[in-house]
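Working notes, beginning with the structure itself.
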Amino acid sequence: MKILVRNLARSITEADLLALFESHGAVESCDLVLDNETGKSKGFGFVSMLDESEAQAAIAALNSTKQAGNKIRVKFAEEKAESDDQAIWPESE
């Protein structure tokens, strides 16, 4: 189950984010999104948890809590929709 974590303090590291969620269950992966130019956190990340009930418990426990001075928002990550750029146009006759 993929979880989106938003409004993270720029000082939070991937290890900090991982530790936050590991206290609620098994974490499959943890990715803090970084700015390509500066290498600094963009203030959000994704956590994948193996067990859906543990993921739900983590969301319930962590959403709207203060972490490093910021009130974080935690929710299930939504799948990206395919873009219209891939639409197939009919050939003209």
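The values are calculated or read from the model by the stated rules, or taken from the named source; none is laboratory data. Keep in mind that what you see is a predicted model, and the values were worked out from it rather than measured. Don't worry about glycine lacking a Cβ; one is built from the backbone with ideal geometry, like all the others, and counts go over all protein chains shown. Remember, those area values only see protein heavy atoms, side chains included, never the ligands or the DNA or RNA. Shrake-Rupley method; radii C 1.70, N 1.55, O 1.52, S 1.80 Å.
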**Request:** Starting from region 72-85, take each residue that is modelled with pLDDT of 85 or more and list its partners that are open to solvent by less than 100 Å² (accessible area, probe 1.4 Å) and part of a helix (DSSP H, G or I), counting only C-beta distances under 6 angstrom and pairs at least six apart or across chains.
**Result:** 74/59; 74/62
**Request:** Name every residue in region 32-46 that is charged (D, E, K, R) and open to solvent by less than 80 Å² (accessible area, probe 1.4 Å), in order of residue number.
**Result:** 35
**Complete:** Pairing a residue in region 37-58 that is more than 15 Å from residue 75 (Cα to Cα) with any residue that is modelled with pLDDT under 95 and among the polar types (S, T, N, Q), where Cβ atoms lie under 9 Å and the two sit 6 or more apart in sequence or on different chains, gives 41/11; 41/13
